[in-house]
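Worksheet for the structure shown next.
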Amino acid sequence: MMKGLKKWRLFSLLTVMMVFLSGCGEEYLSTLKPSGEVGKEQLNLLLLTTGIMTLVVVVVSVIYLLAFVKFRRSKVGENVIPKQVEGSHTLEIIWTVIPIILLLIIAVPVVTATYKFADVAAMDEVDENGNKTALTVNVTAKLYWWEFEYPNQGIITAQELVVPTGEKVYFNLKAADVKHSFWIPAIGGKMDTNVENVNKFYLVFDKESEGLKDGVFYGKCAELCGPSHALMDFKVKSLSPDAFDAWVTSMQETEGQTADKESSDLGEATFANSCLGCHAVSGSGSAPGMGPNLTTYGDRNRLAGFLDHTEEDLKAWIKDPAEFKPGNLMMNADGTAPIYGNLSDEEIQALATYIMGLSVEK
Amino acid sequence: MSSHTQKKSFGASVWDYITTVDHKKLAVMYLLAGTLFFAIAGFEALLMRIQLMKPNNDFISAGFFNELLTMHGTTMLFLAATPLLFAFMNMLVPLQIGARDVAFPFLNSLGFWLFFLGAVFLHLSFFMGGAPDAGWTSYASLSLYSPGHGIDFYVLGLQISGFGTLISGLNFIVTIITMRAPGMTFMRMPLFTWTALVSSALILFAFPPLTVGLVLMLFDRMFGGNFFDHTMGGNTVIWEHLFWIFGHPEVYILVLPAFGLFSEIIPTFSRKRLFGYSSMVFATILIGFLGFMVWAHHMFTTGLGPTANAIFAVATMAIAVPTGMKVFNWILTIWGGSIKVTTPMLYALGFIPSFVAGGVTGVMQASAPLDYQLHDSYFIVAHFHYVIVGGIVTALFGSAHFYWPIFFNRMLDEKLGKWTFWVFFIGFHLTFFVQHFLGLMGMPRRVFTYMEGQGWDQFNYISTVGAAMMGVGVVMMVINCLLSIKRPPAGRDPWGDGRTLEWAIPQPIPFYNFRQTPLVRGLDPYWIEKQEGNKEGMIYAEPLGDIHMPNNSALPFVISLGLFIAAFGALYSPLGVAEDSRTWAIPVLIIGLLITFGAMIVRSVKDDHGFHLHKEEILEIEEQLYGKGGKK
């Protein structure tokens, strides 16, 4: 009977866990469905600690419920004065030693993994020609967008990180204004982008993002950075190594690309007059910008990291960026109008068409 | 001469409370002020939960949401939990150790007024151009970037109320060390007094780093000091260290007295002495000590390097050991006892599993590599609310029921109390349990909204429903408190199973507490006397004689008021970096400081020896309170 009861308990516990595991979030966003080595190891640690900790909770709860049920005053009698026990050395030792053992079981993999995840020595390794062997991305977090620079490839992009699968991708993390934090939940744990120093770490992307719902992994800013902190999302596209190399080449080919003020295309001319000061349209050879690099805008999944990638949304954004991302730096000092002034509807329409057409993937 | 007058006009009563140095009246004032700020901060939380009820909600704006989250955290920790615990410490510590008052009654009053006026100053920010909006941690790069005066309010308000907390902490340390009744050795002190002592010692060491941090921040904001401005050679990570060297012990400053309160409630309603008293004392001290060794676990993702992270990870895990000792000792106190499920006991019983749940997620986050995923996600929000609501708020609510008769000589309604418990308790788990999963599913904390289609909608909705239930619970609690005004006097030891000296003292408690200083013969002195059939409840260490009492004084209020006024001057000073300085700022700053220092000089120069209450007067007062012959 007791045995049956225990089995039943185990079964119900498993059922509850199943329910939660099935509802454990979206594959492109959840730490519970990792698609990379770092995230997987972190999930293993989560399972290990959760297992041990659930054991602790269950043991404590069982003793506690037993004590509660057995020693109710209604059971032991109204006028009974219980024996005034001082304590027990044996018990004290037991409940000191057992937790220490449990913690040691956790501490060993924790310390190992701490050192492992911080090992970025391979960042500086070079082959016989003096070229870096590992892929490095310089991430700069800005109010409220992300810039991704690939120093060894000489290319630069924004808002959508593009990486190859199956290799360690190293990151140099820094913030340009206030502190942010770089987090791709489905790939691995976060690291802060400080204002005064560069933080380094690596992530591994196991899976091509193409099969995902939006074709991308979601990235987040995890440190409060002002009104639009919640909207400071970015997206991650993971490609097969060949596709990544092709992407790099097509990015490099955009060198020198620019918008012409004299262009017959109203969109391009408007862009050259009003936008080019902050937003570059070449993915190579251009310096880090005041605003996100728009070379690959047409290939992206989202507008401003979180809005729908449509022309309608883009027009509304150009008209009043502050309505969508309060506190963003596209507004003039008193926040009344965009720094590029108020454009006519015709100009905005042409501009939106032009920007939507910026693409390297064709 | 205060207090023997019977009926007073309203104005006289207010004056009495402004000038009082009586620890019991100050306790009531802490209780009222703490409740007020608890209600405000709770309301802020409800607004935030309404905003997050559904994706893309536009109930409140992004900027205002940041103000709410900042003020919710700051208020709950500094201005609600701390004063509410001080209320219990003020009321109980002198009674538990058999003292007439705290060691420095004047400072006790000063501590309260500094806290209260600092808190009022901080809250005025809502009406004067916007509240602070950089989170309660106020990380330097964002707080220096923050426009307007919000952060200045934060810095100045916390500085003033921090002085108050520091002064009160010192006062408790001296009181507990020097004012114990004869026979009340350290190892006979009630556990609440022990936790009050350790927690006050933590205040003594933890608040100075905060003060330093706030001064540096003040210099940066007001005079362009560049301590944290990295473009001028400053460093924002230093702020993180200073803040968390204070901020982590702060958690223990709050949770240790909460442990102490439960260590009083559980033995009382189990009719059994606390199991493993000496190991409980040891665990308290150890937790207090380790509390200072682990601050960098709040900064695992800051990039301190693997060695620092590994050391702080292991040190943090170590805290689980003494905490576990405490939990097992509580359970073993219940074991073999005679449990009466009153409302305070219900809170204690609810506390154990909730707090254990909060503790184990703490160990998970102590695992540095795992914390890279959990840090600054909703998981951490769930964790610290399990600890703070499950540990501290349940302690406060339970103790309010438990000690209401000590405070006001009235009982709270048991039936309503139990209903309140269930509504609040279920609401609490509903709100925060699902937040663990939100965090694991990738939701960062401190977000004012979220897009749909990320799988977060349902849990956020559940969380908001839970928050509403918690709100209802708090309202029920307040109603219960108000209804108690109409209830009959509770008298001495109304629970019937009181163990410590505060239950032995006759009700209502005269302003001088004990007529004669009691003699303590062991742990749980009142229980010992009751078991030996001593109807008096105490034996005395001295014959009835004159009592030396301190005079009331308005100076603490004046000193605090001066700083309160000066703070407005500092805020709008033309030296500041903000552009809206006022011409009156410097005069106001000077006037405020003159008031403060003037009052301090008056206090120093004027001798105030207090007064003596003569034997005959004591007998007269007791006859008024308890009827002829000392018994009513």
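A few comments on the model shown:
- Of the helices (runs of 4 or more DSSP H) lying entirely inside region B:347-447, those containing at least 2 residues that are over 30 Å from B:K54 (Cβ atoms) and of a type in the set (A, V, I, L, M) span B:368-374, B:394-408.
- Failed item in (1) touching a residue at least 40 places away in the same chain (Cβ under 8 Å); (2) among the charged types (D, E, K, R); (3) in contact with a helix residue (DSSP H, G or I) (Cβ under 6 Å, 6 or more places away or on another chain), with B:E44 passing the rest: (1)
- Selection within region A:100-117: residues that are touching an Asp or Glu at 6+ places or on another chain (Cβ under 9 Å) and under 18 Å from B:L304 (Cβ atoms). The member of this set that is farthest from the other protein chains (Cβ to nearest Cβ) is A:K116.
This table checks each residue for (1) within 30 Å of A:R73 (Cα to Cα); (2) at pLDDT below 95.
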{"residue": "B:V251", "(1), (2)": "no, yes"}
{"residue": "B:P257", "(1), (2)": "yes, no"}
{"residue": "B:F262", "(1), (2)": "yes, no"}
{"residue": "B:I265", "(1), (2)": "yes, no"}
{"residue": "B:K272", "(1), (2)": "yes, yes"}
{"residue": "B:V281", "(1), (2)": "yes, no"}
{"residue": "B:T284", "(1), (2)": "yes, no"}
{"residue": "B:G303", "(1), (2)": "no, yes"}
{"residue": "B:A310", "(1), (2)": "no, no"}
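- Selection count, region A:126-149, where residues are part of a loop (DSSP other than H, G, I, E, B), over 14 Å from A:K200 (Cβ atoms) and touching a strand residue (DSSP E or B) at 6+ places or on another chain (Cβ under 8 Å): 2
- Index of the failed condition, A:L66 passing every other in (1) assigned to a helix (DSSP H, G or I); (2) facing another protein chain (nearest Cβ under 7 Å); (3) aliphatic (A, V, I, L, M): (2)
- Candidates B:M232, B:M179 - the one that is at pLDDT below 95 and within 14 Å of chain A (Cβ to nearest Cβ): B:M232
- Criterion violated by B:K530 - all others in (1) buried (at least 19 other Cβ atoms within 10 Å of the Cβ); (2) in contact with a helix residue (DSSP H, G or I) (Cβ under 7 Å, 6 or more places away or on another chain); (3) over 30 Å from B:V588 (Cα atoms) satisfied: (2)
- Residue list for region B:611-632, filter: at pLDDT 85 or above, assigned to a helix (DSSP H, G or I) and in contact with a helix residue (DSSP H, G or I) (Cβ under 9 Å, 6 or more places away or on another chain): B:L619, B:E622, B:E623
- Pairs, first facing chain A (nearest Cβ under 7 Å) in region B:436-453, second among the β-branched types (V, I, T) and surrounded by 22 or more Cβ atoms within 10 Å (Cβ to Cβ), C-beta under 6 Å, six or more apart: B:L440/A:T31
- Of all residues making up region A:113-166, the number that are hydroxyl-bearing (S, T, Y) and touching a Phe, Trp or Tyr at 6+ places or on another chain (Cβ under 6 Å): 3
- Considering residues of region B:364-415 that are in contact with a Leu (Cβ under 6 Å, 6 or more places away or on another chain), buried (at least 24 other Cβ atoms within 10 Å of the Cβ) and among the polar types (S, T, N, Q) only, the residue nearest to B:F432 (Cα to Cα): B:S367
- The numbered conditions (1) more than 7 Å from chain A (Cβ to nearest Cβ); (2) touching a strand residue (DSSP E or B) at 6+ places or on another chain (Cβ under 8 Å); (3) within 17 Å of B:A366 (Cβ to Cβ) are all true for B:T301 except (1).
- Matching residues, region A:20-59, being at the interface with chain B (Cβ under 9 Å from one of its Cβ atoms), out of contact with any Phe, Trp or Tyr (no Cβ under 8 Å at 6 or more places or on another chain), aliphatic (A, V, I, L, M) and assigned to a helix (DSSP H, G or I): A:L43, A:L45, A:L46, A:L48, A:I52, A:M53, A:V56, A:V57
- Evaluated against (1) outside any helix (DSSP H, G or I); (2) free of Cβ contacts under 8 Å to residues at least 12 places away in the same chain, B:T307 falls short on exactly one condition, (1).
The values are calculated or read from the model by the stated rules, or taken from the named source; none is laboratory data. Worth saying up front: this structure is predicted, and the values here are computed from it rather than measured. Note that we place each Cβ from the backbone using ideal geometry, even for glycine, and neighbour counts take in every protein chain shown.
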